[in-house]
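The values are calculated or read from the model by the stated rules, or taken from the named source; none is laboratory data. Computed from a predicted model, the values in this text were never measured in an experiment. Cβ atoms come from the backbone with ideal geometry, glycine included; neighbour counts cover every protein chain shown.
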Amino acid sequence: MRKVNLAIVLLLSSLIFPLAAQGKIIVGLSSVNLAFLPVYVAQEKGFFKEEGLEVLLVMFNAGATNLQALIGGDVQIMGSAFVETIGGRAAGVDIKNFWGICNLMPFQLYSQPNFKSMKEAKGKRFAISRFGSLTDYLTRATLHHFGINPKEVTILQIGSTPARFAALSAGGVDATVVWFPVTEIAKSQGYIQLFDLKEIFPEWPYETFAARESWLAKERPQAIKFLRAYQKSVKHTLENQEDALKAIRKYVKMDPAYGPAGYTQYRDSFPLDGKIAEKAIPVVIEQEFETGRIKKKISVDDLIDRSYMKLLGGK
C-alpha cells in the first residue's frame, strides 16, 4: 500500500512539477521530526524558489524505504540518518552523503514500568521502525553495549516513533528508542528511561543530505542551488525562533507546548557549514561488518562527498 501511495504522490507531483523540467527536485525525508526543521523553514520562507528551484518534500516513516526510493529514482535527494546510507553503499549503491543536517544524538530507550534495567532485557520485545533503519542499529548497539546478543530478544518492525510509542502504551512491546517530545511524554506517563544513547555516541551524525553520485555529477549546479537555499534557511532558523516555531507547528505537528523546548534542544545541532560529525562513523561501520549486517568494509571517504562543504561551508 505504501508503494502505491508513494507512486500516486509522485505521479501527481510530476503533473505539477515535471521532473524533466529544470529546477525540480524531490527530497525524501525519512521521518517527521525536529532534525529537519531548517528544511521546513526553507520551504515556508520560499528560499528554494529564490534559487529557481521547485522542491517537493516527500515524507517516509523509515530511512530504509527512503533509501529504496532514492535507489529507484523516485527521489533525488534523501534527508536521512547517516547509518542508513552505510548499508546502501556497502551493497554497491553509489550513494554519497554531501551535507550535514543535524549533528545530535536525540534517542533514548524507554521501557515498560516493570522493565527497570537492561539486565532484564533477555526475552523482551523491542520495537524499531524497520530492519536496516537507524532505530534498528541503535537498538542493536544498545544491546551489544550491555553484552546482550540481539538474538536473545525479539525485535519487531512497528514503524514511526508515534507508532512505536503507541505499541509501548498498549503493552505490545517492552521497550523502544524514542526522541523528543515522545521522551518527555514517556517520562510524564511513568515509563522508564533505560538508556540514553548519548552515553555511547556523544557525537553523532544524526541526519544528512545524501544522493546518488551519478545524480550529483550530472546535477551539481542544482545541488549547489539547493544547498545555498538550505544554508540560508539554517541561518534564518537560528536567528528567528518564531518562524521556526511556526514551521514546527505546521510540519512536526507536536503539542505547541513542547515547541520552544524542542527548538532549544535542536538549535545548536544544525551546522551552518554542512559539517558531518564523522567521529562515530568508523565505529558504526566496524560494528555493522562484525555483525554481518554489511558484507563489505567501506571507508568514511566512500560515504562522504566533502566538495560541497568545502565550496559553501565557509560562506
>> Please list, ordered by residue number, the helices (runs of 4 or more DSSP H) wholly in region 143-237 having 1 or more residues that are more than 29 Å from Phe98 (Cα to Cα) and among the hydrophobic types (A, V, I, L, M, F, W, C).
In response: 161-169, 182-188
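One line per residue, one yes/no per condition, for (1) closer than 21 Å to Ile86 by Cα; (2) surrounded by fewer than 23 Cβ atoms within 10 Å (Cβ to Cβ); (3) among the aromatic types (Phe, Trp, Tyr):
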| residue | (1), (2), (3) |
| --- | --- |
| Asp136 | yes, no, no |
| His145 | yes, yes, no |
| Pro150 | yes, yes, no |
| Pro162 | no, yes, no |
| Ala170 | no, yes, no |
| Thr183 | no, yes, no |
> For Met254, which of the numbered conditions (1) within 19 Å of the chain's Cα centre (by Cα); (2) assigned to a helix (DSSP H, G or I); (3) farther than 18 Å from Ala81 by Cβ fails to hold?
Replying inline: (2)
> In region 67-84, what residues are modelled with pLDDT of 90 or more, surrounded by 23 or more Cβ atoms within 10 Å (Cβ to Cβ) and closer than 11 Å to Ser30 by Cβ?
Replying inline: Leu67, Leu70, Val75, Met78, Gly79, Ser80
>> Considering only region 227-249, I want to know if a residue exists there that is more than 18 Å from the chain's Cα centre (by Cα), of a type in the set (Val, Ile, Thr) and surrounded by fewer than 21 Cβ atoms within 10 Å (Cβ to Cβ).
In response: no
>> Kindly evaluate Lys116 against the criterion of being basic (Lys, Arg), within 19 Å of Val182 (Cα to Cα), more than 15 Å from the chain's Cα centre (by Cα) and not in a strand (DSSP E or B).
In response: yes
>> Between Gly63, Gly23, which is modelled with pLDDT under 90 and crowded, with 24+ Cβ neighbours inside 10 Å?
In response: Gly63
>> Given the criteria among the hydroxyl-bearing types (Ser, Thr, Tyr), within 23 Å of Val58 (Cβ to Cβ) and surrounded by fewer than 15 Cβ atoms within 10 Å (Cβ to Cβ), does Ser214 qualify?
In response: yes
> Picking from Gly171, Gly147, Gly159, which residue would you name as being of a type outside the set (A, V, I, L, M), within 23 Å of Phe60 (Cα to Cα) and outside the structural domain of Arg306 (by TED's automatic domain parsing)?
Replying inline: Gly159
> Would you pick out the residues in region 40-63 that are touching a residue at least 60 places away in the same chain (Cβ under 8 Å) and among the basic types (Lys, Arg)?
Replying inline: Lys45
> Listed residues Phe201, Phe131; which is modelled with pLDDT under 90, surrounded by fewer than 17 Cβ atoms within 10 Å (Cβ to Cβ) and within 22 Å of the chain's Cα centre (by Cα)?
Replying inline: Phe131
> Taking Asp268 and the conditions (1) touching a strand residue (DSSP E or B) at 6+ places or on another chain (Cβ under 7 Å); (2) exposed (fewer than 14 other Cβ atoms within 10 Å of the Cβ), which numbered condition does it fall short on, given that it satisfies the others?
Replying inline: (1)
> How many residues, within region 300-315, are outside any helix (DSSP H, G or I) and either closer than 13 Å to Glu213 by Cβ or at pLDDT 95 or above (or both)?
Replying inline: 3
> For Ala280, are the conditions met, namely being among the hydrophobic types (A, V, I, L, M, F, W, C) and exposed (fewer than 15 other Cβ atoms within 10 Å of the Cβ)?
Replying inline: no
> Hey, Ala277 hits all of (1) in a helix (DSSP H, G or I); (2) in contact with a Gly (Cβ under 9 Å, 6 or more places away or on another chain) but one; which does it fall short on?
Replying inline: (1)
>> Go through (1) within 18 Å of Ala244 (Cβ to Cβ); (2) without any contact (Cβ under 8 Å) to a residue 40 or more places away in the chain for Gln68 and report which single condition fails.
In response: (1)
